[in-house]
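If you scroll down you'll find the structure; I have some questions about it.
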Amino acid sequence: MMSSYDESQERFEEFLRTYKDEQGALAYWTRVQQMSINDEVSLSIDFQDLISFDNLFLALATENPQKFIDTVNEALVSVLRIEDPDYVNSIDITTIKARITNYSDHVALRAIRSKHIGKLVHVSGIMMRASEVKPLLVQAMFQCRICDEKIPQTQEEGRYTEPARCPLCDKKTPMRLLPHESQFRDWQKVRIQESPDELPPGQMPRSVDIILEGDIVDISRSGDLVKVTGVLQ
């Protein structure tokens, strides 16, 4: 029996291949085919197109946002692997992202509450400042200092985590990080502030910090109006 996860990924792959715009042209498939030519790793998806194709995606995005994000990303990787396997094999597939735009649940910055934690939300505001772009360690390769065994370790949510002990010699010892055999991703923290049209008279503007990763870092500047869809942490 096919799981709902498999069904939703299959439906998203079908969406990428078959969804047509008002002029009858394939809205996303042509862009998928151009990704390797343009050396792109992300594809912007209008959420309203997605839910007009299948309301399943609205339910999934609402009930389990992280599963929704993982599903659309894995589906994009899947169709790219069939369309251009050489390109997929030449890059880190964890950088391939389906970027959701025009999400239904817009939340004003001053309306953000604890009930939104873990939810997929759409916020907008004026870019106030941005950190420098830094490398984020996402998949580390460690080496045991006693027996030289190499040990891969996924890094969760930016926290540096070494293996508890060596699986070969079973010793609990500080590990040596091998940067050239590890995977890094560009990372940046930005702050956006309420835009003037959302600011109540006489109130101080509210702001929120946002983490950007991958190909969306360092593309906005102070003073830009930005719109962001992501999971509130």
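The values are calculated or read from the model by the stated rules, or taken from the named source; none is laboratory data. For clarity, every value in this text was computed on a predicted model and none was experimentally measured. We place every Cβ from the backbone using ideal geometry, glycine too, and count neighbours over all the protein chains shown. These area figures cover heavy atoms from the full protein model, side chains too; ligands, DNA and RNA do not enter into them. Shrake-Rupley method; radii C 1.70, N 1.55, O 1.52, S 1.80 Å.
What spacing in nm lies between the two simple spin-label points modelled at residue 20 and residue 59, each 7 Å away from Cα in the Cβ direction?
Distance between the two pseudo-spin positions: 2.7 nm.
While we're here: Can you give the extra length, in nm with one decimal, that the chain gains between residue 131 and residue 180 once fully stretched, where that is 0.36 nm per residue apart less the Cα-Cα distance?
Numbers: separation 49, 0.36 × 49 = 17.64 nm, distance 2.47 nm.
Value of the extension gain: 15.2 nm.
Which entry is the computed Kirkwood radius over Cα pairs in Å for this structure: [x] 17.9; [y] 20.2; [z] 19.4?
[y]
Then there's this: With the other protein chains left in place, how much accessible area per residue, in square angstrom, belongs to the range 103-233 at a 1.4 angstrom probe? Each step should come with its number before you reach the end.
Values: 8190 Å² over 131 residues.
So the range 103-233 comes to 63 Å² accessible per residue, rounded to a whole number.
Taking the dipole about the Cα centre of the chain, with the C-beta of Lys and Arg at +1 and of Asp and Glu at -1, give me whichever of 204, 232, 153 is farthest to the positive side.
204
Kindly state, to the nearest 0.05, the FRET efficiency for residue 233 paired with residue 105, given R0 = 22 Å and r defined as their beta-carbon distance. Numbers along the way, then the final one.
Numbers: r = 16 Å, r/R0 = 0.73.
E(calc), rounded to 0.05, equals 0.85.
When the accessible area of the range 133-233 is computed with all protein chains present and a 1.4 Å probe, what percentage of it is carbon and sulfur?
On the way: 3240 of 6610 Å².
Carbon-and-sulfur percentage of accessible area, whole number: 49.
Normalising by the residue count of the chain, find the relative contact order in percent from Cα pairs under 8 Å and 6+ residues apart.
On the way: 374 pairs, mean separation 46.9, N = 233.
RCO, the chain: 20 percent.
Hey, got a sec? Which GluC sites (Glu not before Pro) in the range 110-170 land in a DSSP loop and have at most 13 other Cβ atoms within 10 Å? Show your work: numbers first, answer last.
Numbers: sites: 132, 149, 156, 157; in loops: 132, 149, 156, 157.
Taking the range 110-170 and a limit of 13 other Cβ atoms within 10 Å, the loop GluC sites (Glu not before Pro) found are 132, 156, 157.
Still on this model: Report, in deg cm²/dmol and to the nearest 500, the calculated mean residue ellipticity at 222 nm for the chain, where each DSSP H run with n ≥ 4 adds -39500 (n - 2.57) and the sum is divided by the residue count.
Values: 6 runs with 61 residues, N = 233.
The per-residue figure over the chain is -7500 deg cm²/dmol.
Within the range 6-35, name every residue whose backbone N is under 14 Å away from a label modeled 7 Å from Cα of residue 91 along the Cβ vector.
Zone members listed by number: 31-35.
Which one of 153, 193, 183 has the biggest mean-square fluctuation once the chain is modelled by GNM with Cα springs under 10 Å?
Looking only at 153, 193, 183, the biggest GNM fluctuation is shown by 153.
What is the Cα centroid distance between the range 129-157 and the range 1-63, reported in whole angstrom?
Computed from Cα coordinates, the inter-centre distance equals 32 Å.
For the range 82-189, which chymotrypsin sites (Phe, Trp or Tyr not before Pro) pass both filters: DSSP loop (anything but H, G, I, E, B) and at most 15 other C-beta atoms within 10 Å?
160
Moving on to the next point. Roughly how much of residue 224 is accessible, in Å² to the nearest 10, using a 1.4 Å probe?
About 60 Å², ignoring ligands and nucleic acids.
Explain nothing, just the number: relative contact order of the range 1-97, from Cα pairs under 8 Å at least 6 residues apart, as a whole percent. Show your work: numbers first, answer last.
Values: 71 pairs, mean separation 30.1, N = 97.
It comes to 31 percent, rounded to a whole number.
Can you list the lysines whose alpha carbon sits under 24 Å from that of residue 171, skipping same-chain ones fewer than 8 residues off?
150
Would you list which lysines come within 26 Å of residue 189, measuring only between C-alpha atoms, while excluding same-chain residues fewer than 8 positions from it?
67, 97, 115, 119, 134, 227
Also, quick follow-up: Which of the trypsin sites (Lys or Arg not before Pro) found in the range 88-120 are loop residues per DSSP with 10 or fewer other Cβ atoms within 10 Å of their Cβ? Spell out each step's value before the answer.
Working: sites: 97, 99, 110, 113, 115, 119; in loops: 113, 119.
Of the trypsin sites (Lys or Arg not before Pro), the ones in loops of the range 88-120 whose Cβ has at most 10 other Cβ atoms within 10 Å are 113.
For a label point 7 angstrom out from the Cα of residue 154 toward its Cβ, which stretches of the range 89-116 have the backbone nitrogen within less than 13 Å?
Label zone hits: 94.
Next up: Using alpha-carbon pairs under 8 Å, 6+ residues apart, how would you state the relative contact order of the range 113-233 in percent? Before the final figure, lay out the partial values.
Working: 230 pairs, mean separation 47.7, N = 121.
Averaging sequence separation for qualifying contacts and normalising by length gives 39 percent for the range 113-233.
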